[in-house]
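Please read the structure below before turning to the comments.
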Amino acid sequence: MSAAATALPAAEERERAPLAPLSRLRLLTRNKLALTGAVAAAILVLVAVFAPLIAPYDPARPDFSAALHQPGWAHWLGTDDLGRDQLSRVVYGVRASLQIGLLAVALAFAAGVPLGLIAGYYGRFADSVVSRLTDTLLAFPFLVLAVGLATILGPSLLNATIAVGVSQIPAVIRITRAETLRLKHLDYVAAAVANGGGDGTVLFRHILPGALSALTVQATVGIPSAIIGEALLSFLGLGIQPPSASLGVMLSSAQAYIAAAPWMAVFPGLAIIAATLAFNLLGDGLRDILDPQGDSR
């Protein structure tokens, strides 16, 4: 018992020392792409949070006298076919995209992390059941599954969030399971078991913290996927419904005016590209910083 107790702190120190927050921050500042992604993502989050203060107009209020105005001083990004200010709608569209992105990822983690922990730690029957469920969901491409679920549930912001979140559960399960299989054989976990730690203690105090690096990377990768999923669902009429502002709704409305008013499609498209690129750059950088052995696994 005393030998195991001595081994526990030493093993934990060896396993967790490389993940010190200050070391991570220093590596992030040295990774130019990751730093660029982090700054861009932070700006987008600030835009979403302070959308009512940034948007110069009500994004849902039409002004038929200003319909299809080109970008200018009065409307920096122009107006749409109903005279609504494009800048205001892009700002609120970014807000809606990040809202769905964050909530969908949170839903995927709430369901996927416990299932991955159970499958990886207990194995056998539990692993078989969870793996079959994951394989079934993975048989459908992400966007196809999201569109199918949204069609069944009906068009709304809540249902779009659920559809995108459920579509991301399989990836979260697989990463959590893989990390659990790796971590449960490490010395500090074995020492915790030898010291009499229960399953809950081992899973949530020793294994889950060790898996947070890989899960953090998955979250930053999952957000841009959710943003694209929301834009697609709204474009097809299965997500956010007009007159609410959504980047997908804006692109859908721009189809009939692509030649006469190209700015109606250009600026929402650029906003989607900027959001997805920012979080993808951040995710790639965090993968190198937090999970340097990921490629070898």
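The values are calculated or read from the model by the stated rules, or taken from the named source; none is laboratory data. Keep in mind it's a predicted model, so treat the numbers as computed, not measured. Here Cβ is always computed from backbone atoms with ideal geometry, including for glycine, and neighbour counts include all displayed protein chains. For accessibility, only protein heavy atoms count, side chains too; no ligands or nucleic acids. Shrake-Rupley method; radii C 1.70, N 1.55, O 1.52, S 1.80 Å.
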Long-range neighbours under 8 Å by Cβ, at least six apart or interchain, first residue closer than 12 Å to Ile173 by Cα and assigned to a helix (DSSP H, G or I) within segment 119-137, second modelled with pLDDT of 90 or more and open to solvent by 80 Å² or more (accessible area, probe 1.4 Å):
Thr134/Arg174
Within segment 207-242, which residues are more than 24 Å from Gly283 (Cα to Cα) and touching a residue at least 24 places away in the same chain (Cβ under 8 Å)?
Ser234, Leu236, Gly237, Leu238, Gly239, Ile240, Gln241
Kindly evaluate Gly37 against the criterion of being open to solvent by less than 70 Å² (accessible area, probe 1.4 Å), of a type outside the set (Phe, Trp, Tyr) and out of contact with any Ser or Thr (no Cβ under 6 Å at 6 or more places or on another chain).
yes
When segment 168-201 is checked residue by residue, the ones that are more than 27 Å from the chain's Cα centre (by Cα) and of a type in the set (A, V, I, L, M) are Leu186, Val189, Ala190, Ala191, Ala192, Val193, Ala194
Whether any residue in segment 220-231 is more than 27 Å from Val45 (Cα to Cα), at pLDDT below 90 and not aromatic (Phe, Trp, Tyr) is what I want to check.
no
List pairs: first residue in segment 87-114 and under 15 Å from Ala274 (Cα atoms) and in a helix (DSSP H, G or I), second residue among the aromatic types (Phe, Trp, Tyr) and open to solvent by less than 60 Å² (accessible area, probe 1.4 Å) anywhere in the structure, Cβ distance under 6 angstrom, at least six positions apart or on different chains.
Val90/Phe267
Pull out all pairs, ordered by first then second residue, where Cβ-Cβ is under 7 Å, the residues are six or more apart or on different chains, the first lies in segment 142-155 and is under 15 Å from Ala171 (Cα atoms), and the second is part of a helix (DSSP H, G or I) and open to solvent by 50 Å² or more (accessible area, probe 1.4 Å).
Leu143/Leu232
Could you tell me whether any residue of segment 177-199 is surrounded by fewer than 20 Cβ atoms within 10 Å (Cβ to Cβ) and within 23 Å of Gln99 (Cα to Cα)?
no
In this structure, is Arg61 modelled with pLDDT under 95, loosely packed, with under 14 Cβ neighbours inside 10 Å and closer than 22 Å to Ser97 by Cα?
yes
Tell me, which residue of segment 138-160 that is under 13 Å from Gln241 (Cα atoms) and under 17 Å from the mean Cα position of the chain (by Cα) is least open to solvent (accessible area, probe 1.4 Å)?
Ala160
